Structure formats: structure tokens, C-alpha cells
There are 2 protein chains.
Amino acid sequence: MVYITGVIVSEFRYCKLTREWTLFAPERLKRPKDLDNKREKYLGEIIHEKCPFDMGKEEFTPNEITRVSQDGKWKCRVVPNLYNALSVDIPSVSNKDSYFEKHSGFGAHEVVIETPNHDKQIWEYDYNDLINYFTILQERAINLKKDDRLEYLSIFKNQGEAAGASMSHSHSQIMALPFLPKKISDEIEYKKSYFEKHQRALLDDLVYEEINHEKNIIAQNSEFVLYCPYASQFAFEAKIVSKKRLSSLIEFNKSDLSALCDITKEYFSKFYTTLGEVSFNMIINNAPYKEYNYKTRDYYRFNIEIKPRIFKQAGFEQGSNMNINVILPETATKIYKEDR
Amino acid sequence: MVYITGVIVSEFRYCKLTREWTLFAPERLKRPKDLDNKREKYLGEIIHEKCPFDMGKEEFTPNEITRVSQDGKWKCRVVPNLYNALSVDIPSVSNKDSYFEKHSGFGAHEVVIETPNHDKQIWEYDYNDLINYFTILQERAINLKKDDRLEYLSIFKNQGEAAGASMSHSHSQIMALPFLPKKISDEIEYKKSYFEKHQRALLDDLVYEEINHEKNIIAQNSEFVLYCPYASQFAFEAKIVSKKRLSSLIEFNKSDLSALCDITKEYFSKFYTTLGEVSFNMIINNAPYKEYNYKTRDYYRFNIEIKPRIFKQAGFEQGSNMNINVILPETATKIYKEDR
């Protein structure tokens, strides 16, 4: 393990069997959990009485990295994760100890506090809230890219307890790792080879077919399409994909960001009407930093996945990596589109 | 979708992006859920008032496939899953509809009712309970293998709501599919190539290193080793691996089964003392039927994985397939081994 002044930080360990890495982060055990004990006081390591993400409680978060302000007040801010699984302040080093391989817990781990309003959830965001949110994500994506030790950028939002959130105040997380997870390197390799063969991006072809198929399309605008994928892993899973040659938030201009806000707002309005306050994971997929260049736009397409966590993944999924889904995407699409 | 006399059965759909299949099984929406509503009456599709897995309620399960009896009473029985995701009574057919690929929901889906005692959980099983359990699994593994349309055998146990169980009466599930999931075909390919290179099974080498490393070993007997793997994905994850050249339950003789019962009993005794009634998935990994022959023993090793579901998998895991684990395996091992 890597220690910083006596504190265990974290480490990556490589599994030779699955060829996947696991990130060990004992510090995260200390996180407060307001979702587990809504009606009780905070337990354990609590150093304050109220939510540290609220306006006026800025002293309880680590030093701010950036913010979006309006009329002198912050609307959206990014801070290092207090219970960080990764740290940029340690060396990025790989070790091999006899048969075992590990890597120091080098990387970035940040929290995006999406709104100062403790009770406002993403389905209540107006256009300005979303512009602030995506603009700050873009800024962080651009800045983290400057550290050329970082190869993989992960942006995600866990909403609700079943999706792994520990705080109810609306937030997202940004992690940047010093290597690509196997899933991602396999994906990139496959997308590159698909491009070499067809001279088209794989996701462009899939979107083309989904649009032809019609039944899974929830909505479109000039720049994005929103649909429930044909082989969705989760009930009511939805995806937003760029129809332009955009591979990362880094490349978005103002009009791209604006179109993204429109379709995101439309989706979450339907999400809330259809499912209510259901837990979900949102994954904002950008081309990884590794080997990123102008050619990346050939084979990689920016996309957002929303995976509601209504039904549990169980032993079959763990063993086979194959999901059982009880709702067909065409059924989910129909329900999303119903007027209510 | 495949219909049998008007009932939607299920279908596999292939995702060209992840190259994984998803199994769509709308019938499973109708499952009773005693775990979600412990103190309420059964909801929905309930056709009886008590647990259908109890002794005396056999009429509420589909026709029994096999049982282990003692003194004229059943101790363990296997029935088709009433809310089956797969059916052996439909043709195994693949379809390609323009860009989309699917496969009929052909396959086996069975429930192993492990005990007639509604309140007895696996950590309370005596040696006989475990012998009955593994013997009946072995019998099913041998019998399903006779259908040469089945390529993949999945045996798993979901315990507790957080692990996806819908019934509290102790049970396991058996699924057999007409093809290998991508995760499994990748794994087999990798294990075969490892054997070609080293003339040793990959899991033998990993077990050898874990035994040398010592810190992660919970227990051993002459035939099996029980340990917390170096790169465990879940907190307190444990693994039981055959030290002999056994690749599947099919190959176990009486003494192998006996040694497996011993180590399983020892593990679950430690599990209960350490973690209490925590949810977990248990995955019993056998060499897949596809291409199974005497050479399979060269590269594949029978093993059981137990994955406690204490912490949730969230957006980072969904996006990267990399897990964050807050407990190091050497810490978990130490806690498992503590006298209490």
C-alpha cells in the first residue's frame, strides 16, 4: 500500500485470471452515509452536522479546484474527493512482488457538487443547471488531460442508495487513472479494428440501425439521439449518443453543449415521470486520453449511458458477465414516450 | 420474442458494442418476492399462501426433476424454475434481423431447493446437508451435459436481497445456455493459451503463489484451498479451488465430494461468525460443456467464488468493469481467521 504521512492511500492490484485490475481504497470505508441513516445522525467520522456539499459549508470540503459562479454565488463546484480512492500527489509506480502485480494508487478523484441546493435532483435541473454541469465537466476533462501520466478518464454519477451513492446531495465523480482498464482497452482495440474494416465508427453504425429500427428511439435533436439500446443490460437503460463526429467533451463547442443540455433535460423529465426517484448510474463516456488525437474522432463517439438500478445483478451476472433484463427496450421506449 | 402457447418466454440479444449477450426474460417480473415485503402478504401473482419451497408444498412447484431422500422424506430437490428465463422446450435458433442479432431463449433454468427447512441457511448446514447439495448438483451437471445443444453450465446461489435473491428459503439455481458468454469464451481461450505456453493450468499457478504468499490463505485440506484472492473484487471475497486435476463436479468421486463439503462447511462457519447474515453470491465454476474432454483438466480448475454484497457496485464499476474494494484480502483473511 502507498502511505502518505501515515495514511494508507490506495493501490491497484492486477488479477492474472480476469486480467482486470481492482482498486483497493480502505480510506473510503470512512465515508459518511446519509442515505443509509436518513433519520439518524451522521455516524463515525463526521466532523460537522450538516451536508458538506451545501452552500456555506465549503470549509468542510478539501480546497476547491474550480467553480461556476453567478451573482457572486457558486452554482456548481469541483473539489478533491475527501474519501479519495486515488491521489495525484503520489508517484505513479508499478511493482511486481514475486507473482503479484500492483500499481500505486496514483490518479485523480474529484467530486462535482452539481448544485448548492441540497434538495434539487437532476430531474429538476433547468437548462442553466445543466449548462453549468457540463461546462465544469468539460473544463476538468481538458485540465486533467494536461497530466500526461493519466490515460483513462471516468466521469459518472451515482444517484440513490441502490446505485452506490452515499450522499443524497446531487453530485458526480471524476476519476482519472494511469492506465486503461481491460474493458476499455478491449473496446478501443475493437472500435479501431471496426473502423479499419468499414471506415465508419461502430457506434455510428449502431445508431444508424437504431434510427432505422425506430422502436427504441425516445427522442432526437440535430446533434444527439436518445434511445434504449437493443441489447440493454438494465431495465429502462437509455443512451445518448452524439450524431456528430464528437469523441469527447473536450471537443464540444457552445452549440454542442447546448444541444446536449436539451436532450439530457428531455430525458430526465421522462425518467422522473416514468420511474420516479429510482436509483441510477450515469456514465459519461469520453475517448480515453491514451493515444487521443484528431483521428480518435474516426472510431470513437461521445455517449452517455443511464442505467437504472431497479433490479439487482445476481450470481448469474457475476459469473457470466451476462445480464438478465426483464424489460425489452422497445417496451421501455414505449413507456418513456407515453403522455402522462 | 419466442412464444409458447401465448406466453412470452425469453430471448438472448447480442450487443455488437460490448460483444456480450443480454437475456431478456419478461416472465421473471412476476416472481414472488418475500424478501422485499417480509412483514406483508405476498403480492401479485401468488397462487398459495406459504413458501412453495417448504415440505408439503410440492404441488406449487413445477414437476420435480430429481430429489435426494432419507427415511422417505426429501432432503434436497430440483425443479424447473417457475419463473424461468430459459426453456428446454423450444428450438435453439439464431436470427439476424437487419443489423440485430438474437437467439431464442433455449436453455435450462432449474431451482435447487437445498433443504426442506425454511429457516435453515447454508451457514447452519451440517455435513449431510452439504453432501446432499453437492451430490444433486453433480447429478444435474452430468444429466444436462447429455443435451449436446447446451454449451455453458452456470450454477449459482443468491443469498439475501442485496445479492438479488427473491426468496428467503435457501436455494440455488442452475442455468445452461446454448453458447458461451463472451467473458467465458475469453477466459477459456486465455487459459488454453496459458497452458500451451507453460504446460500448467493458470489457476494452479495462482494457487501455488497464494500458498507461498500465505497471507491470503484461510484454510486448506488435502484436496482444496480456501483463500481471499490477491486482487479480490469484493470485500471479504473468498475462493475455494481444487488442488487436484478436477475441472468439473462431473469428475468428482466420493472422496472429492467429501473434501469439498469439509472446506465449504469450514468456510461458511467462518463467514457467519465474521459477517453474520450478509447477502452474497456463490458461483460454482465448472469447465463449460463446449469442447469438454479429458484434456480440459490440463487448463481448467474447478472453483467456487463467494462474493459478499456488503458494498454496492456503482458507476465507476459499470463504466470500467474495474471494482473498488475497501478491504484488502490479507485483512479479510486475518478477520476470517480470528477466534471469536
How large is the helix-only mean residue ellipticity at 222 nm for the protein assembly as shown, computed as the sum of -39500 (n - 2.57) over DSSP H runs with n ≥ 4, divided by its residue count, in deg cm²/dmol to the nearest 500?
-8000 deg cm²/dmol
Label position 7 Å from Cα toward Cβ: report the copy-to-copy distances for B:TYR83 in nm, one decimal, ordered from shortest.
3.1
Compare the Cα positions of B:ILE306, B:THR331, B:ASN321 along the charge dipole of segment B:297-340 (+1 at Cβ of Lys, Arg; -1 at Cβ of Asp, Glu; about the Cα centre) and return the one farthest towards the positive end.
B:ILE306
Which one, B:ALA165, B:LEU23, B:ALA141, is farthest towards the positive end of the dipole of segment B:3-181 when Lys and Arg carry +1 and Asp and Glu -1 on their Cβ?
B:LEU23
Quick check on the protein assembly as shown: what are the equivalent-ellipsoid semi-axes from the Cα gyration tensor, as sqrt(5λ), descending, whole Å?
40, 30, 26
For segment B:183-337, with +1 on Lys and Arg beta carbons and -1 on Asp and Glu, the positive-most of B:TYR230, B:SER242, B:PHE268 along the dipole:
B:PHE268
Quick one: if the Förster radius is 60 Å, what FRET efficiency do A:LYS120 and B:ASP126 give, using the C-beta to C-beta distance and rounding to 0.05?
0.65
Order of B:SER172, B:SER104, A:SER255 under a 10 Å beta carbon neighbour criterion, fewest first:
A:SER255, B:SER104, B:SER172
Just how many % of Cα pairs in segment A:99-146 lie over 18 Å apart, if you round to the nearest whole percent?
49
Fluctuation leader among A:GLU139, A:GLU223, A:GLU114 - chain A, Gaussian network, Cα springs under 10 angstrom:
A:GLU139
State to the nearest 20 debye the size of the charge dipole of chain B about its Cα centre, where the only charges are +1 on K and R beta carbons and -1 on D and E beta carbons.
400
Tell me, what does the Kirkwood hydrodynamic radius of segment A:126-202 come to in angstroms if you use every pair of distinct C-alpha atoms?
15.1
Fewest-first sequence of B:LEU226, A:LEU17, B:LEU29 by Cβ atoms within 10 Å of each Cβ:
B:LEU29, A:LEU17, B:LEU226
Please go through segment B:289-340 and write out the chymotrypsin sites (Phe, Trp or Tyr not before Pro) that DSSP classes as loop and that have at most 15 other C-beta atoms within 10 Å.
B:TYR294
Please provide three numbers in whole Å: the alpha-carbon extents of segment B:242-340 along the principal axes, with the largest listed first.
40, 39, 22
Burial ordering of B:GLU317, A:GLU330, fewest other beta-carbon atoms within 10 Å first:
A:GLU330, B:GLU317
About its Cα centre, what dipole magnitude does segment B:197-334 give when the only charges are +1 on Lys and Arg Cβ and -1 on Asp and Glu Cβ, stated in debye to the nearest 20?
200
Hey, what did chain B get for relative contact order, percent, Cα under 8 Å, at least 6 apart?
16
Provide the descending list of Cα extents for segment A:3-178 along its principal axes, expressed in whole angstroms.
56, 39, 32
Candidates B:ILE240, B:ILE304, B:ILE211: whichever shows maximal mean-square fluctuation once chain B is modelled as a Gaussian network with Cα springs under 10 Å
B:ILE211
Two decimals is fine: what is log10 I(q)/I(0) at q = 0.09, 0.10 Å⁻¹ for chain B, from a Debye sum with one equal scatterer on every Cα and no solvent?
-0.51, -0.64
Report, ordered by chain and residue number, the lysines lying within cross-link reach of B:LYS30, taken as a straight Cα distance under 21 Å and ignoring same-chain residues fewer than 8 apart.
A:LYS312, A:LYS334, B:LYS38, B:LYS41, B:LYS50, B:LYS57, B:LYS157
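Bear in mind that the values in this text are calculations on the coordinates, not laboratory data. This one's a predicted model, so the numbers in the text were calculated from it and none came from an experiment. Cβ atoms come from the backbone with ideal geometry, glycine included; neighbour counts cover every protein chain shown.
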